Amino acid sequence: MDAIVTPTLPEGAKAQRVYLSLRDQITEGRLADGESLPGEQKLAVSFGVSRVTVRRALDALSQSGLIERRAGSGTTVRRSRQAGRRAAMDFNTLMPQLVEMGQSTTAQLLSFSYDHAPDVVAASIGLDRAEKVQIAVRVRLADGVPFSHLTTYVPARIAQNYSEHDLATTPLFKLLERSGVQIKEAHQSVSATLAAPDVAEALGVAVGSALLSLKRVVRDEQGNGVEYLAALYRPDMFRLEMPLARVGEGRARHWEPAIGQAGAAG
C-alpha cells in the first residue's frame with residue numbers, strides 16, 4: 001500500500017491556486033498517471049504567475065506524492081493508488097450505504113470525553129444546558145487510508161451503556177440499539193467546508209482542502225434526539241450521486257430527483 005503523506009499548502013495565495021488546480025486535475029483523472037506536465041515557464045504563462053510561484057506549487061505536489069520531478073526528464077504525474085478509489089453513494093439510499101460502510105471499514109478513535117454540548121448541537125437534539133453528552137471523534141479508514149472524520153454527540157444517559165472500547169470496535173448505531181434506543185428517523189444536510197489543521201492531519205490532506213460536510217440528527221420513536229453527527233469526507237475518496245428524471249411539459253420541463261431509483265455506483 002502506498003504511504004500516506006500529509007501534504008501542506010505552499011506559501012502564497014498564487015502558489016496555492018496553482019497547487020490546488022493541478023492537484024484537482026490529477027485526482028480527478030484529467031491529468032493521467034505518467035503524463036508529463038508542461039515546463040515551469042509554460043505553466044507560469046498559463047497561470048499568469050512567476051516561475052518561482054510555479055516551483056513552490058510543484059514542490060508541494062511532489063511532497064504530496066502526486067508528481068515526480070527528475071532533473072533532465074521533466075515532471076510527470078504519479079497518482080497514488082488510493083487517489084482514484086472513491087466510495088460512491090446514491091443520495092436516495094445514503095443511510096443504508098453509510099451503515100454498510102461502517103461494517104466494512106475500520107475506525108480509529110481519536111478522542112473520547114463527556115462534556116456539555118455546543119449550543120447548535122444541544123438545540124438540534126433538544127438538550128437542556130445542564131445535560132452532558134458523550135463526545136467521540138473518530139477517523140474511518142478504507143484499506144488503511146483515512147476517508148472520513150466523524151464527531152458524534154450522544155446524551156450521557158444513553159452513552160453510559162457502552163464503553164470507550166465498544167465505540168472503537170462497534171458501529172455507533174449498533175451501540176445505540178444495544179442500549180435500548182428505538183431509532184425511528186433522521187434528518188441530514190450536506191454542504192462543503194475547508195479542512196482545519198487537526199482534521200487535515202487526521203485525513204492526510206492539506207490544510208484548507210475542500211471537504212464534503214454531512215450533519216445528521218437521529219431521533220427515537222418518541223422524537224427525542226439520540227445522536228448528532230458531524231462528518232467530514234475527503235472528496236477524492238467519496239462522492240454522492242443522485243439520479244435525475246426529466247419531468248413536466250413544454251417550457252416547464254425540468255430536472256427532478258428520481259426518488260427511489262437506483263443511482264450509479266462505482
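Can you report the number of residues in the stretch 22-59 which are among the small types (Gly, Ala, Ser), modelled with pLDDT under 85 and part of a helix (DSSP H, G or I)? Don't jump to the end; show me each part of the working.
First pass over the stretch 22-59, keeping only residues among the small types (Gly, Ala, Ser): 29, 32, 34, 36, 39, 44, 46, 48, 50, 57.
Still in the running and modelled with pLDDT under 85: 29, 32.
Right, trim to part of a helix (DSSP H, G or I) and you get none.
Residues flagged as among the small types (Gly, Ala, Ser), modelled with pLDDT under 85 and part of a helix (DSSP H, G or I) within the stretch 22-59 amount to 0.
Condition check ((1) within 21 Å of Val226 (Cβ to Cβ); (2) among the polar types (S, T, N, Q); (3) at pLDDT below 85) across all residues:
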| residue | (1), (2), (3) |
| --- | --- |
| Gly102 | yes, no, yes |
| His116 | yes, no, no |
| Ala123 | yes, no, no |
| Ile135 | yes, no, no |
| Gly144 | no, no, yes |
| Pro155 | yes, no, no |
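Which of the residues spanning the stretch 27-76 are closer than 19 Å to Gly208 by Cα and surrounded by fewer than 15 Cβ atoms within 10 Å (Cβ to Cβ)?
Within the stretch 27-76, Glu28 is the sole residue that qualifies.
Listed residues Ala186, Ala202; which is hydrophobic (A, V, I, L, M, F, W, C), surrounded by 13 or more Cβ atoms within 10 Å (Cβ to Cβ) and over 21 Å from Val120 (Cα atoms)? Can you show your working first?
Details: Ala186 fails: over 21 Å from Val120 (Cα atoms).
Of Ala186, Ala202, the one residue that is hydrophobic (A, V, I, L, M, F, W, C), surrounded by 13 or more Cβ atoms within 10 Å (Cβ to Cβ) and over 21 Å from Val120 (Cα atoms) is Ala202.
Residues that are closer than 30 Å to Leu175 by Cα, outside any helix (DSSP H, G or I), modelled with pLDDT under 80 and in contact with a strand residue (DSSP E or B) (Cβ under 7 Å, 6 or more places away or on another chain): does the stretch 70-86 have at least one?
Within the stretch 70-86, the first condition is being closer than 30 Å to Leu175 by Cα, and the residues that meet it are 85-86.
Applying the additional criterion that residues be outside any helix (DSSP H, G or I) yields 85-86.
Applying the additional criterion that residues be modelled with pLDDT under 80 yields 85-86.
Of the ones still in play, those that are also in contact with a strand residue (DSSP E or B) (Cβ under 7 Å, 6 or more places away or on another chain) are 86.
Yes, because at least one residue in the stretch 70-86 is closer than 30 Å to Leu175 by Cα, outside any helix (DSSP H, G or I), modelled with pLDDT under 80 and in contact with a strand residue (DSSP E or B) (Cβ under 7 Å, 6 or more places away or on another chain).
Which residues, counting only those in the stretch 160-171, are under 25 Å from the mean Cα position of the chain (by Cα) and at pLDDT 85 or above?
Step one: list which residues in the stretch 160-171 are under 25 Å from the mean Cα position of the chain (by Cα), which gives 164-171.
Hits for the stretch 160-171 are Glu164, His165, Asp166.
Just checking, how many residues over the stretch 60-69 are at pLDDT below 90, within 26 Å of the chain's Cα centre (by Cα) and not in a helix (DSSP H, G or I)?
3
Would you please name the residue that is modelled with the highest pLDDT, looking only at residues in the stretch 231-262 that are surrounded by fewer than 18 Cβ atoms within 10 Å (Cβ to Cβ) and closer than 30 Å to Asp198 by Cα? Let's see the steps before the verdict.
Filtering the stretch 231-262 down to residues surrounded by fewer than 18 Cβ atoms within 10 Å (Cβ to Cβ) leaves 239-262.
Among the residues that remain, those that are also closer than 30 Å to Asp198 by Cα are: 239-241.
On the way: Arg239: 66, Leu240: 68, Glu241: 72.
Restricting to residues being surrounded by fewer than 18 Cβ atoms within 10 Å (Cβ to Cβ) and closer than 30 Å to Asp198 by Cα, the top hit is Glu241.
What number of residues within the stretch 198-255 are in contact (Cβ under 8 Å) with a residue 40 or more places away in the chain, out of contact with any strand residue (DSSP E or B) (no Cβ under 8 Å at 6 or more places or on another chain) and among the acidic types (Asp, Glu)?
Counting residues in the stretch 198-255 that are in contact (Cβ under 8 Å) with a residue 40 or more places away in the chain, out of contact with any strand residue (DSSP E or B) (no Cβ under 8 Å at 6 or more places or on another chain) and among the acidic types (Asp, Glu) gives 2.
So His165 passes all but one of these: (1) in contact (Cβ under 8 Å) with a residue 40 or more places away in the chain; (2) surrounded by fewer than 19 Cβ atoms within 10 Å (Cβ to Cβ). Which condition number does it fail?
(1)
The values are calculated or read from the model by the stated rules, or taken from the named source; none is laboratory data. Values in this document were obtained by computation on a predicted structure and should not be read as measured data. Heads up, the Cβs are rebuilt from the backbone with ideal geometry, glycines too, and the neighbour counts pull from every protein chain shown.
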